[in-house]
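Here is the structure we will look at.
The values are calculated or read from the model by the stated rules, or taken from the named source; none is laboratory data. Computed from a predicted model, the values in this text were never measured in an experiment. Here the Cβ is made from the backbone with ideal geometry for all residues, glycine too, and neighbour counts use every protein chain on show. Accessible surface is based on the protein model in full, side chains and every heavy atom, while ligands, DNA and RNA are left aside. Shrake-Rupley method; radii C 1.70, N 1.55, O 1.52, S 1.80 Å.
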Amino acid sequence: MIQVYNTLSKSKEAFQSLVPGKVGMYLCGPTVYKPSHIGHMVGPVIFDTVKRYLVYNGYDVTFIINITDVDDKLIKESNARGMTMPALAEEMIADYQANIGELGVDTVSAFPRATEHIVNMIPFIQTLIDKGYAYAADGDVYFDVAKFPEYGKLSHRTLEQMQGEGGTTAGQKRNLADFALWKAAKPGEPSWESPWGPGRPGWHIECSVMCRQLLGDTFEIHGGGLDLMFPHHENEIAQSECCTGKPYVKYWMHNGLMQASSEIGKVGGRKTREVAAEGDLASQESGKISKSKGASAFKEMLQKFRGETIRFFVLSTHYRRPIDFSDERIRQIETGLETFYRFFKRFQRVAGESFYQLDFAQDRKAGDSFAATLSGPFLESVLDSRRKFLESMDDDFNTGGAIGELFELVRKLNRFIEENKLETVAAAPEVETLKNGCRVLRELAAILGIFRKEIVREEATSEESLVSELMTLLITLRANAKKAKDFATADQIRSGLKDLGITLEDRPGGTEWHR
């Protein structure tokens, strides 16, 4: 049974869909006014993985990520660049979708745009006015928070704690916490006709309307960063439940924020804080990576790291915890991934076929059926890793714990090759046993969206080619020293390379090296 931590109840709850076998899931997407950065990648990777696991468990999942393509920031940036707001939005949407595609996020059912749903926002707002939950004032329309007694139930704040200063329109509001559903147009700004005059929608109403149109009045999962819990998600609940008279979302899932590493130092400066705790919004906000703090475009990061490496990095931490970001942290993940890539090469040498071509169970039912056919101490050990992996995923999608089991499983597979000397004598029964163990690894990796296709290594630079040639020379010199029984020289070469972070592995087919 899958357990989900629900921000609304502040507790783990058994996951149960509203309609058997069907799940609606919505993730707040980007405001597309500048190129996306690493912080924008966290939610899509996490909830793409959540969908994969729900599908693995037999659910039909509709996964929506919205696009905010009308906003003050978009208007300001489009004016600064001398282009129209729609043209800027198109450019940034293409950038965002290309970037999440590089991370293997390809399970999204739709990317609705706010401007496509303004026609639905106007009657939604009118319904709130007709029911007495909203009021018009000089071309603006505000939601009256005092009319919704449950306002604050998600963020667990009192009305007094949510007052704020009311912004530049404080004089028009009945209550300083009231928020805009519709904004009157300013000269030169894009606008749409409405019963209250030309204008554009407020930020919060966009998500409520798109959710209702695509997922219904009530749906299962609403996701987003912890920083969106208030006011955005709190306001969504208020306007949606007052409009429909029904519960809005069953499970609220909030991921931790991407932060500059406390070990390496804050982006743009030295270390100023400790690692933020799970659920600690104030601490996480202080180190949050964002456009306003000069976060670099994500495409620049893709020039340094593979998409699979970054995906693995995001999933190596439980989604509710803050993610400690630095290039050094990602390089550590990259080193860990080499454990798997080396094993895949080893498997191909032993089995004569690619790990990536092995057939495997696509869902839990098929996986359980396949597991029931496996026997013997080794495969029972493999199935124990599978059980622990699935237990981690059942426990609030704990991808960090699940990845730990993948490392344990690949260690077992390597040990099986060594104990049975399969690189020297490839005995058919043992090779088939190894294949079955690898089928389990493929099954579990697919849930996380990793190891789906073979990594194509880019052509080596002249410097990398020189390093490769020097390593070949050193390996040859070491082999000659061993033949001459000059073990001191052979050991000196190995230990010297180890000090430089290079490991040598002696195999029946020759010596391999890796960083």
The listed residue being touching a strand residue (DSSP E or B) at 6+ places or on another chain (Cβ under 7 Å) and in a strand (DSSP E or B), out of LEU181, LEU214, LEU128: LEU181
- request: With the checklist (1) closer than 20 Å to GLU116 by Cα; (2) within 27 Å of the chain's Cα centre (by Cα); (3) among the aliphatic types (A, V, I, L, M) in hand, flag the one item ALA185 doesn't pass.
  value: (2)
statement: Going through (1) without any contact (Cβ under 8 Å) to a residue 24 or more places away in the chain; (2) assigned to a helix (DSSP H, G or I); (3) farther than 28 Å from VAL19 by Cβ one by one, ALA89 fails only at (1)
query: Here are LEU422, LEU390: which of them is buried (at least 20 other Cβ atoms within 10 Å of the Cβ) and farther than 25 Å from VAL350 by Cα?
result: LEU390
The one condition in (1) under 25 Å from VAL50 (Cα atoms); (2) at pLDDT below 95; (3) among the hydrophobic types (A, V, I, L, M, F, W, C) that ILE310 fails to fulfil: (2)
query: When the residues of the stretch 459-515 are filtered to those that are among the acidic types (Asp, Glu), modelled with pLDDT of 70 or more and in a helix (DSSP H, G or I), which remaining residue is nearest to ARG331 (Cα to Cα)?
result: ASP499
query: Which of the residues that make up the stretch 195-223 are over 23 Å from the mean Cα position of the chain (by Cα), open to solvent by 10 Å² or more (accessible area, probe 1.4 Å) and within 30 Å of GLY21 (Cβ to Cβ)?
result: ARG212, GLN213, GLY216, ASP217, THR218
- request: Return the residue satisfying two criteria in turn: it lies in the stretch 229-250 and is in contact with a His (Cβ under 8 Å, 6 or more places away or on another chain) and surrounded by fewer than 21 Cβ atoms within 10 Å (Cβ to Cβ), and of such residues it is nearest to PRO123 (Cα to Cα).
  value: HIS232
Extreme residue, nearest to ILE221 (Cα to Cα), among residues of the stretch 150-174 that are at pLDDT 95 or above and open to solvent by 20 Å² or more (accessible area, probe 1.4 Å): LYS153
- line: Restricting attention to the stretch 394-435, the residues that are without any contact (Cβ under 8 Å) to a residue 12 or more places away in the chain, of a type in the set (Lys, Arg) and assigned to a helix (DSSP H, G or I) number exactly 2
message: Can you go through VAL440, VAL431 and tell me which one is at pLDDT 95 or above, hydrophobic (A, V, I, L, M, F, W, C), over 35 Å from the mean Cα position of the chain (by Cα) and open to solvent by less than 70 Å² (accessible area, probe 1.4 Å)?
response: VAL431
message: Just to be sure before I move on: is ASP95 open to solvent by less than 40 Å² (accessible area, probe 1.4 Å), over 23 Å from TRP192 (Cβ atoms) and in contact with a Ser or Thr (Cβ under 8 Å, 6 or more places away or on another chain) in the structure I sent?
response: yes
- prompt: Within the stretch 18-32, is there a residue that is of a type in the set (A, V, I, L, M, F, W, C) and over 22 Å from the mean Cα position of the chain (by Cα)?
  reply: yes
message: Of the residues PHE360, PHE305, only one is assigned to a loop (DSSP other than H, G, I, E, B), without any contact (Cβ under 8 Å) to a residue 60 or more places away in the chain, of a type outside the set (Gly, Ala, Ser) and at negative phi; which?
response: PHE305
query: If you go through the stretch 1-59, how many residues are among the aliphatic types (A, V, I, L, M), touching a helix residue (DSSP H, G or I) at 6+ places or on another chain (Cβ under 6 Å), assigned to a strand (DSSP E or B) and over 25 Å from LYS299 (Cα atoms)?
result: 1
- request: Only residues that are out of contact with any Leu (no Cβ under 9 Å at 6 or more places or on another chain) and either assigned to a strand (DSSP E or B) or surrounded by fewer than 20 Cβ atoms within 10 Å (Cβ to Cβ) (or both): list them for the stretch 61-70, please.
  value: ILE67
